[in-house]
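Structure record follows, encoded as structure tokens.
The values are calculated or read from the model by the stated rules, or taken from the named source; none is laboratory data. Source: prediction; values computed, not measured. So basically every Cβ, Gly included, is an ideal-geometry build from the backbone, and we count neighbours across all protein chains shown. These accessible areas exclude ligands, DNA and RNA; they are computed on the full protein's heavy atoms, side chains included. Shrake-Rupley method; radii C 1.70, N 1.55, O 1.52, S 1.80 Å.
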Amino acid sequence: MARFDIVLLIGLCLIISVFPDTTTAQLSRGFYSKTCPNVEQIVRNAVQKKIKKTFVAVPATLRLFFHDCFVNGCDASVMIQSTPKNKAEKDHPDNISLAGDGFDVVIQAKKALDSNPSCRNKVSCADILTLATRDVVVAAGGPSYEVELGRFDGLVSTATSVEGNLPGPSDNVDKLNALFTKNKLTQEDMIALSAAHTLGFAHCGKVFKRIHKFNGINSVDPTLNKAYAIELQKACPKNVDPRIAINMDPVTPKTFDNTYFKNLQQGKGLFTSDQVLFTDGRSRPTVNAWASNSTAFNRAFVIAMTKLGRVGVKNSSNGNIRRDCGAFN
């Protein structure tokens with residue numbers, strides 16, 4: 001081999017090592033150790049300030065992360081504001097209900113980072129959202145875990161890309177498994193991530209049919225606990241404003257715990273997509289196991305969140321670090 005060819009081959013190897021084919025290979029816990037060593041503490045402080053103002057920031061951030069990663073990967077594309085020439089992800093009907101407090105968590109953390117000269121415009125909005133999500137889970141009593149970092153922000157955000165990529169409140173286990181499999185997540189991951197519904201609220205419009213007009217035979221879904229169904233009907237009467245909020249978890253709505261699974265055992269899953277995890281024989285054993293073992297659930301949740309955070313990660317060739325999380329550079 002000629003000397004020039006050898007030099008060229010070495011050069012190519014160096015390029016490949018800097019820009020690996022698999023974007024997940026770029027993720028590491030110490031990605032910002034030299035550029036912004038205090039990134040985790042700065043984000044955590046911003047998250048805690050926001051939570052003191054409103055607890056809604058906790059479930060809002062967790063939901064925002066999920067909705068971001070399931071559409072075009074974890075690239076903060078869900079944060080992009082629409083323009084006259086582009087209707088962005090956040091304005092798709094499935095994302096309209098995303099609470100503004102989740103977006104504000106990321107915006108405030110970004111401001112805090114940018115006020116530090118060594119961190120200014122060094123940390124991606126995608127990584128900020130991933131860190132903030134871990135921090136809100138911990139703040140609500142959930143497990144702490146190490147977060148892999150190194151995501152770049154996406155360069156595309158369209159409402160059309162959301163269609164059919166997010167789970168719906170009426171989905172069955174087959175539909176849920178198909179959506180999660182598409183993102184390299186298992187049924188166990190799906191069940192663990194569904195338990196994020198142990199926090200926060202939903203809107204009456206999402207459960208109206210289930211408690212008032214279920215089908216031609218039953219006005220109320222027969223899988224619902226009867227007493228719980230009456231509570232829901234009182235909270236969401238027939239003439240209710242569909243935007244009225246109700247707790248996802250009727251027992252511990254502000255605590256991240258395994259009560260979600262205990263609720264399912266009692267027919268108290270708010271959405272059909274929650275309750276089917278118990279009524280379907282394929283997923284019921286996992287629900288029962290985690291209802292009785294919070295440690296096993298927390299472990300599975302951490303694994304699932306870590307895997308979710310690897311979905312569709314962008315690198316420097318198909319992403320960048322936004323100066324404004326809500327707009328492309």
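Candidates 214, 208: the one that is aromatic (Phe, Trp, Tyr) and in contact (Cβ under 8 Å) with a residue 12 or more places away in the chain is 208.
Each row is one residue, and each column tells you yes or no for (1) open to solvent by 30 Å² or more (accessible area, probe 1.4 Å); (2) in contact with a helix residue (DSSP H, G or I) (Cβ under 6 Å, 6 or more places away or on another chain); (3) touching a residue at least 60 places away in the same chain (Cβ under 8 Å); (4) not hydroxyl-bearing (Ser, Thr, Tyr).
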{"residue": "265", "(1), (2), (3), (4)": "yes, yes, no, yes"}
{"residue": "292", "(1), (2), (3), (4)": "yes, no, no, no"}
{"residue": "299", "(1), (2), (3), (4)": "yes, no, yes, yes"}
{"residue": "313", "(1), (2), (3), (4)": "no, yes, yes, yes"}
{"residue": "329", "(1), (2), (3), (4)": "yes, no, no, yes"}
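Please work out if residue 101 is of a type outside the set (S, T, N, Q), under 26 Å from residue 171 (Cα atoms), within 20 Å of the chain's Cα centre (by Cα) and open to solvent by less than 70 Å² (accessible area, probe 1.4 Å). When the stated conditions are applied, residue 101 does not pass them.
State whether the residues of segment 69-84 include one that is modelled with pLDDT of 95 or more, open to solvent by 60 Å² or more (accessible area, probe 1.4 Å) and more than 30 Å from residue 198 (Cα to Cα). Among the residues of segment 69-84, at least one is modelled with pLDDT of 95 or more, open to solvent by 60 Å² or more (accessible area, probe 1.4 Å) and more than 30 Å from residue 198 (Cα to Cα), which makes the answer yes. For residue 281, the conditions (1) assigned to a helix (DSSP H, G or I); (2) free of Cβ contacts under 8 Å to residues at least 12 places away in the same chain all hold with the exception of (1). For segment 194-222, a residue qualifies if it is part of a loop (DSSP other than H, G, I, E, B) and open to solvent by less than 50 Å² (accessible area, probe 1.4 Å), and the qualifying residues are 199, 200, 207, 220, 221.
Condition test on residue 225, is it more than 27 Å from the chain's Cα centre (by Cα), in the same structural domain as residue 298 (by the TED database), open to solvent by 60 Å² or more (accessible area, probe 1.4 Å) and over 30 Å from residue 102 (Cα atoms)? It is false that residue 225 is more than 27 Å from the chain's Cα centre (by Cα), in the same structural domain as residue 298 (by the TED database), open to solvent by 60 Å² or more (accessible area, probe 1.4 Å) and over 30 Å from residue 102 (Cα atoms). In segment 245-259, what count of residues is obtained for those that are part of a loop (DSSP other than H, G, I, E, B) and among the hydrophobic types (A, V, I, L, M, F, W, C)? Count: 3. If you check 238, 262, 307 for being of a type outside the set (Gly, Ala, Ser) and part of a loop (DSSP other than H, G, I, E, B), only one passes: 238.
Filtering segment 129-140 to residues that are touching a helix residue (DSSP H, G or I) at 6+ places or on another chain (Cβ under 6 Å), over 26 Å from residue 93 (Cβ atoms) and not small (Gly, Ala, Ser) leaves 131, 135.
Close contacts from segment 155-169, counting a first residue that is among the small types (Gly, Ala, Ser) and a second that is surrounded by 15 or more Cβ atoms within 10 Å (Cβ to Cβ) and not in a helix (DSSP H, G or I), with Cβ to Cβ under 7 Å and a gap of 6+ residues or different chains, come to 157/80; 157/88; 159/88; 159/92; 161/71; 161/72. Taken together, the residues in segment 188-227 that are in contact with a helix residue (DSSP H, G or I) (Cβ under 9 Å, 6 or more places away or on another chain) and within 22 Å of residue 59 (Cα to Cα) amount to 16.
Taken over segment 20-55, the criterion of being surrounded by 17 or more Cβ atoms within 10 Å (Cβ to Cβ), at pLDDT 95 or above and part of a helix (DSSP H, G or I) is satisfied by 39, 40, 42, 43, 44, 46, 47, 50, 51.
Inspection of segment 141-149 finds a residue satisfying the criterion of being open to solvent by 10 Å² or more (accessible area, probe 1.4 Å), in contact with a helix residue (DSSP H, G or I) (Cβ under 9 Å, 6 or more places away or on another chain) and free of Cβ contacts under 8 Å to residues at least 12 places away in the same chain.
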